[in-house]
Structures are given as C-alpha cells and as structure tokens.
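Heads up, the thing below is written out as structure tokens.
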Amino acid sequence: MRRHEGQRLKLVAVQGPALAPVRLDPGATVVLGRSAACDIQLPDPAVSRRHASVSCPGGTWLVTDLGSRAGVLLNGLPLAPETPTPLTDQDQLAIGPWALRVQLGVGSASTLHTVDVGPDRLDPGERVDPVPPRELRSLARRRLDLLMDGAANIHASTTEASLAEAVIEAAREGTGFPRASVFRLRGDQVELLSQAGEFDGEGAKFSRTLIDTAAAGQVARLSHDAPAMGGESIVRLGIQAAICAPIMLGQTVDAFLYLDDRRHNARVQPDAAAFCQALCRIGGMALANLRRAALERANAEIMRDVGAAAEAQRLLMPEPDGRCLGVRYSVRMKPGRFVAGDLFNILPLGDGRVGVYLGDVAGKGVGAAILMATTQTMLNAALRATGSPAAALRAVGHEIVPMLPGGRFISLWVGVVEPISRTVHFVDAGHGHWLVRQAPDAAPATLTTVGGLPLGIDPDAPYADEMVTLGPAGRIILLSDGVPEQRSLEGEEFGLARVIQTLTPCADTREDVERLFAAVRSHARNDALDDDVTIASIGMEQG
C-alpha cells in the first residue's frame, strides 16, 4: 500500500455543510472538532468538541479518533479510538455530517475530457435522465448467472485496479456496450482506474452531465429524442448511447462505471442500466472489503511498531519508586497515545552525586518516542562525562540538532543532586513545569530562574548551571506539560493552581505523584488523556 510519505495533504468536503478545502504541509498536526479552539472547526451537534486529529509524524499522514462520541469512519469503516491510522490518496473520512476526501500530493490524474458541461451544452432532442427505479428492478432471471459470474470475479480481486478490470469485463459482457471505463473524479480531472474497448488516439471523452447525474447516487443514461444540432455534443463524437453508474462506498460515491457505444450495430441490452447498477453495488461491497483489509493490515503493522516502542520505553524507565545514593524518588508516566514523547531518568554519576531529568519531545506517537529514547541515551552519557547539567545540554545539543525534523524540539529540566549538602544544580531548558517544596507545612512554589532554550532550536545555545538548596524535607516536583494543560470535557485546563492545591497536603514523594495523577484523571473524566503525562517527585532521604 502506498503511504504517500512527505506529501501535502488536502481535505475536500464532498458531502455535508459547506467547508473550504483544507491544505496541510508534511509535519503538520491539526485537530478537527466542534470547539472553536480546534484547528478545523466542524460546528455540528454530531461532532465532539475534540473529535479527531490528522498528523504527519515521520512523513506518513495519520488520522486518529480522539475518543469522540459518534466516532470517525475511514472509507465507511469505524476507527478504533485513540489509534493512529494511515491515510492514503482518495480515502474518505466521515465526521458527523461531513464526508471529506483525502488528496495527497499533486496526483497522477489523466487528462481525459468531459463534454456538454451543464444542461445548456446538450443538443436539442438530447437529454440525460435518472433511470426509473422500476426499470432497474427488471433484471431478468436469465441474466442472473452472468451477474453472479461477474460478482465472483469482482470479489476475487485483490487490488482496486483488478477490481475495476473485473467490473469492466462483466459490464461489457452483460450490457452489450463495446467501451467501458472505471474512473474517479479529482476536481475537474478524471483519474482512470481501468478501461477496455475501442478508443481512438485521443482516448475517452465523458459526458459531464451524465457524471453529474450519477454523482447524486443514481444511474444515468443518455437518450436521443431528435437529431443533434449545434454545439460539441457527444452525439457529434459518434456516441449512440451511454450509461454512467456510481460505485458507492457507504453513502458516498467513490468511483464511476461509464459505458458508451460509437457503433450503430452494437446490441445494447434493454436492461443494461439495471445490470450496471447491480454490478456497481457488488463492486462497492468488494471495494469496502479491500479497504477494510488494507486498514486492518496497516493497523496491525502500526500496533506491532507501537508495541515494540512501548516495550523499549518500559526498559528505559526507572522503577516507579526507589532510591539512588541518598535521593528518593517516585515517578508515574502515562502516554497520551500508546507511546510517550516524555523522558525521565535518575542515575548515579559518581562522587555521591545523582543526575535526574524530565523532558518532553514536541509531538506525539512513535516518532516522538524514538527521539525520546535517543535523547535519553545521549543525556545519560553526557551527564556521566561532565557531571554538569549545563555542560551535558551543550554536548547533547550539538549532537541532537542535526537529527531533529523541522519544527521539533525537546524541552528539559536537568539536575545534579548532592545529597550530603542537599544542593541541586540544574538547568531549565525551556521546560518550566516544576515546583520546589521546602518544608512539610509549606505549599510547593515556582522558582524564578534564568533558564535556556529547548534542545533543537540552536546547537550553540548557551546554558549555565543554577542552584537551589533543599531543606531536610524538601522536594522538587517535575511535571510534563500534559499535567497543567489537560482539559476537562468543558475545555477548562487543569492549570498550575490546581497542581499546587493538590500537592499541598502530600507528605512524601509517592503521595505527590499518586495524588496529582489521580486529580488529573478526575479532571479529564476520561482515561484517554490529551497528551503524555509524567509526574516525578525528588527528595532527600531522611538521615
């Protein structure tokens, strides 16, 4: 399956209320939903406040149902909540009343033509009508075997191209039309999937009026009541009869079967329209099965990758509660998806000192998790080599910047703890989410610092160690931005004030992380959090 890596994405509304086309560049992440805070607002009661996201980590476009009430359909199939799923060209997303067509890159649509654009381009005596339902039900039993043979070939198809060929083969045999095409529309152009019959050097020309009628979900047929006069009509091209039938994917037209005749002696069957409608229904079901199988394969592939990444993260993380050379700590982490872009570690550095850090890779998913693991490995080595947060950040910055995709960066709080003097040398590299608690009866508070830039912005960014001395019961509480920025169902952020209020009664490191983690979950009223959440509490062992 083609992933169309690194291409621009365009979402075009093909059904539902008016919506301007949305164009996205590789690396972008947008949220679709009812809330005005969403990147793409879909104001309808059937759409959740934050309904779905479309992102492009590592060059592959993904769609994710963000735990919406009504769900997201991809090519007529419901997505599993919180499961990133790849998008391919011409996929259809259904969100509330909207059907959105995915277009990736420039596309390779052929330059085939349509004629008689609009009713005013038809010649006198020439008309395009929907075929009456009564006639479509008149498929003779003597032709049932032919239809069933065609159905068997269609359902045996393993690709969309072979499916289109099977539809054409059955249509030509069952209708008597000598020429047949299966195509999709890409704006004003035709993307040809398959074609068979006698075509001249110019290729096929299609009646736009027929296509527009079929685009409403009906089988359309060209009839002639009088000789054609004036204008460029398909009669002037020698076309004696034509049928256009929609191939539906769910409730949306995905492609068209188009048949026409330029010969006077072609034996077009009287029930050709009904036969085409039956074939297209079979083709639509087979197409849905192909898309479903492709979706299942893609999801299985992603889940294998995600499982491996999640296992690697578990191996990199320290135990949830522990001690390291006179420093006690507790940490809890929950990915916003299946894997996290947050990083945390505590490690001995020698001479009785302990290194500790917490950071956040911009972005989510497997790409952020890989950057997290890479940064953690580099930072461990740099801290052991230098013993200084500032020196370690300078060393890692020079190495990591060339590896980061455009727009990615890593915010970090890095510290070196000296348990005997209870001093902590640290650098806040664009992180900002941390608190200091100096006494059991004192509320945690922020600390004014000089700080520095996150990693990835400037390889030569300057960093300088700062210092804080902790009291005998003092603790440092480190947070990822997923804690204060977690929103309730009403859209209210958890915020720093709630963080401080929640932590004030806590007696030790374990209570810090467990109480705050429970409060964030309660605020969200949903186990699927908006972003990665990591909480760590660091204190001195009581002697």
*Residue list for segment 410-435, filter: farther than 22 Å from Leu496 by Cβ, outside any strand (DSSP E or B) and either in contact with a strand residue (DSSP E or B) (Cβ under 6 Å, 6 or more places away or on another chain) or free of Cβ contacts under 8 Å to residues at least 60 places away in the same chain (or both)*: Pro419, Ser421, Arg422
_Among (1) over 21 Å from Asn75 (Cα atoms); (2) surrounded by fewer than 19 Cβ atoms within 10 Å (Cβ to Cβ); (3) modelled with pLDDT under 90, there is one condition Ala196 misses while meeting the rest; what is its number?_
(3)
*asked:* Just to check your reading of the model, which residue among Ala369, Ala382, Ala391 is among the small types (Gly, Ala, Ser) and modelled with pLDDT of 95 or more?
replied: Ala391
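Every residue, every condition in (1) at pLDDT 90 or above; (2) surrounded by 20 or more Cβ atoms within 10 Å (Cβ to Cβ), yes or no:
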{"residue": "Val12", "(1), (2)": "yes, no"}
{"residue": "Pro17", "(1), (2)": "yes, no"}
{"residue": "Asp44", "(1), (2)": "yes, no"}
{"residue": "Val47", "(1), (2)": "yes, yes"}
{"residue": "Cys56", "(1), (2)": "no, yes"}
*asked:* I need a count of the residues in segment 388-403 that are under 16 Å from Ala464 (Cβ atoms) and either open to solvent by 10 Å² or more (accessible area, probe 1.4 Å) or free of Cβ contacts under 8 Å to residues at least 12 places away in the same chain (or both).
replied: 4
_Tabulated pairs, segment 312-335, first modelled with pLDDT of 90 or more and in a strand (DSSP E or B), second of a type in the set (Lys, Arg) and crowded, with 16+ Cβ neighbours inside 10 Å, C-beta under 7 angstrom, 6+ apart or interchain_ = Asp321/Arg510; Ser330/Arg510
_Is it the case, given these coordinates, that Pro405 is farther than 23 Å from Phe517 by Cβ, out of contact with any His (no Cβ under 6 Å at 6 or more places or on another chain) and modelled with pLDDT of 90 or more?_
no
*asked:* Suppose we keep only residues that are open to solvent by 40 Å² or more (accessible area, probe 1.4 Å) and small (Gly, Ala, Ser) within segment 287-311. Which one would you say is modelled with the lowest pLDDT?
replied: Ala308
*Look at segment 507-543 and say how many of its residues are touching a residue at least 24 places away in the same chain (Cβ under 8 Å) and either more than 21 Å from Val356 (Cα to Cα) or of a type in the set (A, V, I, L, M, F, W, C) (or both).*
19
*Looking only at segment 35-61, which residues are closer than 21 Å to Ala18 by Cβ, touching a residue at least 12 places away in the same chain (Cβ under 8 Å) and assigned to a strand (DSSP E or B)?*
Ile40, Ala52, Val54
*Top-ranked residue in segment 150-182 [being among the charged types (D, E, K, R) and more than 14 Å from Cys280 (Cα to Cα); ranked as surrounded by the most Cβ atoms within 10 Å (Cβ to Cβ)]*: Arg179
*Hey, can you tell me all the residues within segment 19-34 that are under 15 Å from Arg101 (Cβ atoms) and in a loop (DSSP other than H, G, I, E, B)?*
Leu19, Ala20, Pro21
*Go through segment 19-42 residue by residue and tally those that are of a type in the set (A, V, I, L, M, F, W, C), modelled with pLDDT of 90 or more and closer than 20 Å to Pro86 by Cα.*
6
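The values are calculated or read from the model by the stated rules, or taken from the named source; none is laboratory data. Just so it is clear, the model here is predicted, and its values are computed rather than measured. Here Cβ is always computed from backbone atoms with ideal geometry, including for glycine, and neighbour counts include all displayed protein chains. Just the protein is used for accessible areas: all its heavy atoms, side chains included, with ligands, DNA and RNA removed. Shrake-Rupley method; radii C 1.70, N 1.55, O 1.52, S 1.80 Å.
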